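Asks: Pasting a structure below so you can have a look.
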Amino acid sequence: MQTKWAQITDLDLSQVGALNLGDDGFSSFIALERLNLTNAQLSGLKPQFFPNDSKLEMLDASWNDLQSLRAVNFQRLTQLRVANFSQNNLKFV
């Protein structure tokens, strides 16, 4: 069963502050192609935040509190072409 979020292709949650993605994050957003999470105070990204076979092409997670980026975090993002992680405190990539 598809949710009301299934048709959204562009989502801008920049500047929301202290964004809580819960356990599933954006997994219901199966058509999502562009996601802006700039300055959302994110501390991490988990694989389950995105749907299997994600259509996400652009991810902007700049100006957050990310400290590491691991390949496992992107295993579902096979269509990802542009990613911005600038202005994070990355210690491990």
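The values are calculated or read from the model by the stated rules, or taken from the named source; none is laboratory data. Because the structure is a prediction, the values reported are computed rather than measured. Reconstructed Cβ throughout: ideal geometry from the backbone, glycine too, with neighbour counts over all protein chains shown. Accessible surface is based on the protein model in full, side chains and every heavy atom, while ligands, DNA and RNA are left aside. Shrake-Rupley method; radii C 1.70, N 1.55, O 1.52, S 1.80 Å.
Asks: Quick one: in the stretch 66-93, of everything that is in contact with a helix residue (DSSP H, G or I) (Cβ under 7 Å, 6 or more places away or on another chain) and surrounded by 15 or more Cβ atoms within 10 Å (Cβ to Cβ), which residue is farthest from Gln48 (Cα to Cα)?
Replies: Leu80
Asks: Mind checking which pairs have a first residue in the stretch 3-24 that is farther than 20 Å from Ser54 by Cα and a second that is open to solvent by 90 Å² or more (accessible area, probe 1.4 Å), Cβ under 8 Å, 6 or more apart or different chains?
Replies: Filtered contacts from the stretch 3-24: Gly17/Gln41; Ala18/Gln41; Leu19/Gln41.
Asks: When residues of the stretch 15-65 are filtered for being open to solvent by less than 50 Å² (accessible area, probe 1.4 Å) and of a type in the set (D, E, K, R), how many remain?
Replies: Residues meeting the conditions: 1.
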